[in-house]
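Reading through the structure tokens given below for one structure.
Please treat every number below as a calculation from the coordinates, not as lab data. What you see is a predicted model, and the numbers here were worked out from it, not measured in a lab. Counting neighbours? That spans all protein chains shown, and the Cβs are built from the backbone with ideal geometry, glycine included.
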Amino acid sequence: MRVYQFLEKLFGMVGNIKIHPVDFNLPWYSIYKRYWVRLGMSLMAEVIIWVFFTTLPLIINYAIKTQNTTLVISLGISFIMLSIIVQTHMRSYVLAEAGIMGSVSNSAYIFFVKVDPIHHSTRESGKIISKINRAVSAYENTTDILTFDLLRFIIQISVILVSFIYYDFTIGIIAAGSLIIMLTISTISQIFIAKKVTPKDNDQADIQSQVEVESLQQVALIRSSFATPEHIKKIKKTNIRTGEVQTTVWMSFISTAFIPRVLYGIFFMGIALLILNLVKIGDLDVITAIALITMYISTYSIVLAGRDVERLVSNIEKIKNLYTYIREYGDSSYPV
């Protein structure tokens, strides 16, 4: 407990979480306007970080070729400065993210508390809890994907395009084009799968939550020998079905990366051969060639980028699902 209290004071989180009212009649992304300063700082920091790491092989290449000790020392200092930037911007980021999640959860529960009790007598409370929790988590995932995943891929493609073109226009176009092709194929296949399986996954999550909440409520009301075993059996059956749905969904998404992985191997081979040819004819030195190939290898995770795009789309749908559910639920007429 003492360690936690020390960390709480160190990071200065107490009193800095800002909860704002959420109007569910507005677009789902309107809540981000409340935290644009903190999120903007994080986005700028991430741009600096990924531009630096993507161009790092070329910077090292230049330092070695010129035997520039000052540049090497500057790189070491840059790593230290980046650590400070990461630490600073992550504090702003987590405060903004916690504020967004707390605001949505707080406003949603306030809405359902105010709703006339007659609605709760005819609706499924488990489904309400499931939708709220799913939407709150979706805000966290959406913000993370936009800030740490998709932004990185955009920066990598842009930096590789500029860097490769500097040495050879054809290789630059091929390298950037190959990344865009793999990103496009991965994204299209992921979104296609998502449209087919995500609704089933969401429905099963609602069923799971409803069965669990219903079982707890019924057992609390009916403390008898026959009630508990029946609900335990029902929960187990639901858990098994949920597992079947989830594993099917996971394998569907994992399988979509097969073609991009194969394409990556083909593109890598072609680009490496073109770079090797430039070395043979004397248009490119060995160290620069290694740096360029290393830069391209660093983008391997782009074969899974479609999963990030799909997750973004799916999470936005989960958020919109809550907004739609609240708009169609009923009047907030209960006095508070």
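Some observations on this one:
- Placing dummy labels 7 Å off each Cα toward the beta-carbon, the span from M269 to I17 is 5.3 nm.
- Averaging Cα coordinates gives a centre for segment 81-95 and one for segment 253-294; these two points are 34 Å apart.
- Normalised by the number of residues in segment 2-329, the mean separation of alpha-carbon contacts (under 8 Å, six or more apart) gives a relative contact order of 29 percent.
- Compactness relative to 2.2 N^0.38 Å, alpha carbon Rg of the chain: 1.28
- Helices that extend 27 Å or more along their long axis by alpha-carbon positions and average at least -0.5 on the Kyte-Doolittle scale are, among the DSSP H runs of the chain, 36-66, 69-114, 169-221, 227-255, 258-280.
- DSSP-loop trypsin sites (Lys or Arg not before Pro) across segment 1-33, with at most 15 other Cβ within 10 angstrom: K18
- Calculated [θ] (222 nm, deg cm²/dmol) that DSSP helices of n ≥ 4 give over the chain, each run adding -39,500 (n - 2.57): -28500 deg cm²/dmol
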